[in-house]
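Working notes, structure below.
The values are calculated or read from the model by the stated rules, or taken from the named source; none is laboratory data. All figures in this text were calculated on a predicted structure; none of them were measured in a lab. Neighbour counts run over all protein chains shown; Cβ positions are idealised from the backbone, glycine included. What goes into the accessible areas is simple: the full protein's heavy atoms, side chains included, and nothing from ligands, DNA or RNA. Shrake-Rupley method; radii C 1.70, N 1.55, O 1.52, S 1.80 Å.
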Amino acid sequence: MNNNLEQLYRQVIMEHYKNPKNKGLINDEGYYTVHLNNPSCGDDVNVQVKIVDDVIVDIKHSGIGCSMCCSSASIMSETLKGKTTKEALEIIDNFYELVKGEKVNDKVDLGESVVYTGVSKFPARIKCVTLSWKAVEKGINDKK
Ligand code: ZN
């Protein structure tokens, strides 16, 4: 990855960290809440999914954590909102491959989550960026 791209990715991450999208939980029984934490870093997130007719119509998140964890929750919510549960699970699987530095299916639209491409060089951070994605994955599977 060249330096310009790396810099651009870092900017996108910081922007989501400072101005997270879809942040704040909702008190509505249509939402299913999953709580996960990552003790090794201190990240702690709640993610809410609203699934209607197999489509993720809304995602909310809140929590505390490092910039990687919090920015990733924001990007995850933007990437997966509006997708069917099947599409979302496919994107989630490919995101896990991406952050491990493995090959991803280029037919799958990972949206802005490609900014975490460089995380594979920092294995301790993989848990940070995948935490909120694991929460949504659990939410989808629990609701099945
Ligand atoms: Zn973290």
So residue 78 clears everything in (1) away from the ligand (no atom under 16 Å from the Cβ); (2) farther than 19 Å from residue 112 by Cα except one condition, right? Which one? (2)
Restricting the stretch 1-25 to residues that are among the aliphatic types (A, V, I, L, M) and more than 18 Å from the chain's Cα centre (by Cα), which is least open to solvent (accessible area, probe 1.4 Å)? 5
Please tell me if residue 47 is out of contact with any helix residue (DSSP H, G or I) (no Cβ under 7 Å at 6 or more places or on another chain) and of a type outside the set (Ser, Thr, Tyr). no
Mind listing just one residue for me: the one in the stretch 98-123 that is part of a loop (DSSP other than H, G, I, E, B) and of a type in the set (Asp, Glu) and, of those, most open to solvent (accessible area, probe 1.4 Å)? 106
Pairs where the first residue, in the stretch 32-46, is more than 19 Å from residue 56 (Cα to Cα) and the second is surrounded by 14 or more Cβ atoms within 10 Å (Cβ to Cβ) and among the β-branched types (Val, Ile, Thr), C-beta under 7 Å, 6+ apart: 36/45
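Conditions tested, residue by residue: (1) away from the ligand (no atom under 16 Å from the Cβ); (2) touching a Ser or Thr at 6+ places or on another chain (Cβ under 9 Å); (3) under 18 Å from residue 42 (Cα atoms); (4) of a type in the set (Gly, Ala, Ser).
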position: 90; (1), (2), (3), (4): yes, no, no, no
position: 103; (1), (2), (3), (4): yes, no, no, no
position: 121; (1), (2), (3), (4): no, no, no, no
position: 133; (1), (2), (3), (4): no, yes, yes, no
